[in-house]
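The structure appears below as structure tokens.
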Amino acid sequence: MRHIDSLIFAGWVIPGEPEDRILEKHALAIHEGKIVTILPIEEAVREFSARVTHRLPQHALIPGLINTHTHAAMTLLRGYGSDLPMMEWLHEHIWPAEQAWMSDSFVADGTRLAVAEMLTAGITCFNDMYFFPETTASVVEELGIRACIGLIVVDFPTIWAKNPGEYLGKAEGLYKHYRQHSLIRTALAPHAPYSVSDDPLKSIAALSESWDIPIHMHLHETTDEVVQSQKQYQLRPIERLENLGLLSERFLAVHATQLNDNDIEYLQLHQCHVVHCPESNLKLASGFCPVPRLLENGINVALGTDGAASNDDLDILGEMRTAALLAKGISGNAAAVPAAKALHMATLGGAQALGIDDITGSLKPGKAADVVAIDMSALSTQPVYNVLSQIVYAASRHQVTDVWVAGQHLLKSRILSTMDMRELQTRILFWRQKIGDDS
Ligand SMILES: [Zn+2]
């Protein structure tokens, strides 16, 4: 009998590979942060003796959800400037508020709130883009979640950096600092084609290649962005990025709501990834990402929430449902983005986009134990005929009870184990009073 750290006995295990597999009454064996094997419960009882055994007969285990695009600290601006089109919302509300309030402690507190919200929603990894990324990274280290930290670059000065040269200098320091970290990766994060000029973009293309890290960028989010680029450069944004050498299998195009056939060809040719943020696109009336066409063309699609100021929740279970429903509604095809594909986009698709699918994204022996337990006994998910379909179309994030990241039990029966909730509530109230009194 082999001694291991933990065994989780579950009503269902959905490993994520192959996409539609459902295993009933199976166990997940975990040792030193990694998945040892997945096997029927009765075999697990014979083969293993575990230090800790979790018995979850009413639960489904799924791979940890990946939020492939967010601005974590923006939780502190949740609900700020609602019901406005994207450019007005950004220029007249969000950027001025950030100019006024952005600081190291704003980012630390906002990120703690975001991580608390994401862990309780079954998100075990997030891909971030924000100022003070070193602060985001240290909060990630403190709380034990997995993350890809965006090394943000914009043309304009902020309290964090004065010019593209300083943004890129700080990016290099952070990349080097976290190169060997077990939970933290970095990505170059030029904000968008309209906020970063050609020279820094060329440097970013070269750095991404030499450091072998992703480029995480908003792209073709609105028609305005495309029209403005055609006026200024006589090129669509994606053509301009192609000319500058940014597109590759390391490129994550966030939003991609305005795509013509040529744009899709570029994405396919360079094996870029698309990060679909359906609820943010809906709220800002930005347009619809043509997900079924991207998938037909073999383009990997991941899911993101975007920041909490444009969504307004960090809920990937919710994004899965919206993505699946939206794809069906727009294409007129009820088979477009089936439940298993929606879960794939929320897990392995995200891991592939970030280049960490050898570590996470599915429940597979040798991968990190990034695992989520969803309680299927709630009335809203009863009776269970097809557990996968039930998770995508009926389950809510409030049914997530337990979450492990690299085998660490970060959410235990809905209680966060690495966070002081009272302290967090005090800090949120502090910012609410400060920002609210000034707005
Ligand atoms: Zn965004």
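The values are calculated or read from the model by the stated rules, or taken from the named source; none is laboratory data. As the structure is a computational prediction, the values presented were derived from the model and not from experiment. We place every Cβ from the backbone using ideal geometry, glycine too, and count neighbours over all the protein chains shown. Accessible surface areas use protein heavy atoms only, side chains included; no ligands, DNA or RNA. Shrake-Rupley method; radii C 1.70, N 1.55, O 1.52, S 1.80 Å.
Condition first: surrounded by fewer than 24 Cβ atoms within 10 Å (Cβ to Cβ), within 15 Å of the ligand (Cβ to nearest atom) and of a type in the set (Ser, Thr, Tyr). Now tell me which residues in the stretch 44-80 satisfy that.
TYR80
LEU267 - would you say it is closer than 23 Å to LEU354 by Cβ, more than 16 Å from the ligand (Cβ to nearest atom) and open to solvent by less than 10 Å² (accessible area, probe 1.4 Å)?
yes
Search the stretch 267-281 for residues that are under 18 Å from PHE126 (Cβ atoms) and touching a residue at least 24 places away in the same chain (Cβ under 8 Å) and pair each with any residue that is away from the ligand (no atom under 16 Å from the Cβ) and in a loop (DSSP other than H, G, I, E, B) when their beta-carbon atoms are under 9 Å apart and the residues are at least 6 apart or on different chains.
HIS273/GLU249; HIS273/ARG250; HIS273/ILE299; VAL274/LEU259; VAL274/ILE299; PRO278/PHE288
Can we say ARG146 is at pLDDT 95 or above, in contact with a Leu (Cβ under 6 Å, 6 or more places away or on another chain), within 24 Å of ALA373 (Cβ to Cβ) and open to solvent by 10 Å² or more (accessible area, probe 1.4 Å)?
yes
Which numbered condition in (1) in contact with a Leu (Cβ under 6 Å, 6 or more places away or on another chain); (2) without any contact (Cβ under 8 Å) to a residue 60 or more places away in the chain is the only one that THR305 fails?
If we test THR305 against (1) in contact with a Leu (Cβ under 6 Å, 6 or more places away or on another chain); (2) without any contact (Cβ under 8 Å) to a residue 60 or more places away in the chain, just (2) comes out false.
Which condition does THR257 not pass, out of (1) within 16 Å of the ligand (Cβ to nearest atom); (2) polar (S, T, N, Q); (3) out of contact with any Pro (no Cβ under 9 Å at 6 or more places or on another chain), if it passes all the others?
(3)
How many residues, within the stretch 195-232, are part of a loop (DSSP other than H, G, I, E, B), buried (at least 20 other Cβ atoms within 10 Å of the Cβ) and not β-branched (Val, Ile, Thr)?
3
Scan the stretch 222-231 and tell me whether some residue there is within 16 Å of the ligand (Cβ to nearest atom), of a type in the set (Asp, Glu) and over 16 Å from ALA323 (Cα atoms).
Checked the stretch 222-231: at least one residue is within 16 Å of the ligand (Cβ to nearest atom), of a type in the set (Asp, Glu) and over 16 Å from ALA323 (Cα atoms).
Within the stretch 234-244, take every residue that is more than 16 Å from the ligand (Cβ to nearest atom) and touching a Ser or Thr at 6+ places or on another chain (Cβ under 7 Å) and give me the one that is least open to solvent (accessible area, probe 1.4 Å).
Filtering the stretch 234-244 for residues that are more than 16 Å from the ligand (Cβ to nearest atom) and touching a Ser or Thr at 6+ places or on another chain (Cβ under 7 Å), the one least open to solvent (accessible area, probe 1.4 Å) comes out as ARG240.
Would you please list the contacts, defined by Cβ atoms under 9 Å and residues six or more apart or on different chains, that run from a residue in the stretch 162-180 that is at pLDDT 95 or above to a residue that is open to solvent by 60 Å² or more (accessible area, probe 1.4 Å) and in a helix (DSSP H, G or I)?
PRO164/ASP199; LYS170/GLU134; GLY173/GLU134; LEU174/GLU134; HIS177/GLU134
Return a yes/no flag: does the stretch 245-252 have any residue that is away from the ligand (no atom under 16 Å from the Cβ), at pLDDT 95 or above and within 21 Å of PRO292 (Cβ to Cβ).
No, that holds for no residue.
Give the stretch 270-294 a look and list any residue that's within 16 Å of the ligand (Cβ to nearest atom) and crowded, with 21+ Cβ neighbours inside 10 Å, or say none.
If the condition is that a residue be within 16 Å of the ligand (Cβ to nearest atom) and crowded, with 21+ Cβ neighbours inside 10 Å, then HIS273, VAL274, VAL275, HIS276, CYS277, PRO278, GLU279, SER280, ASN281, LEU284, SER286, CYS289 are the ones that fit.
Give me the residue from the stretch 116-137 that is among the polar types (S, T, N, Q) and either closer than 18 Å to GLU172 by Cβ or open to solvent by less than 10 Å² (accessible area, probe 1.4 Å) (or both) and, out of that set, farthest from the ligand (Cβ to nearest atom).
Per the criteria, the residue is THR124.
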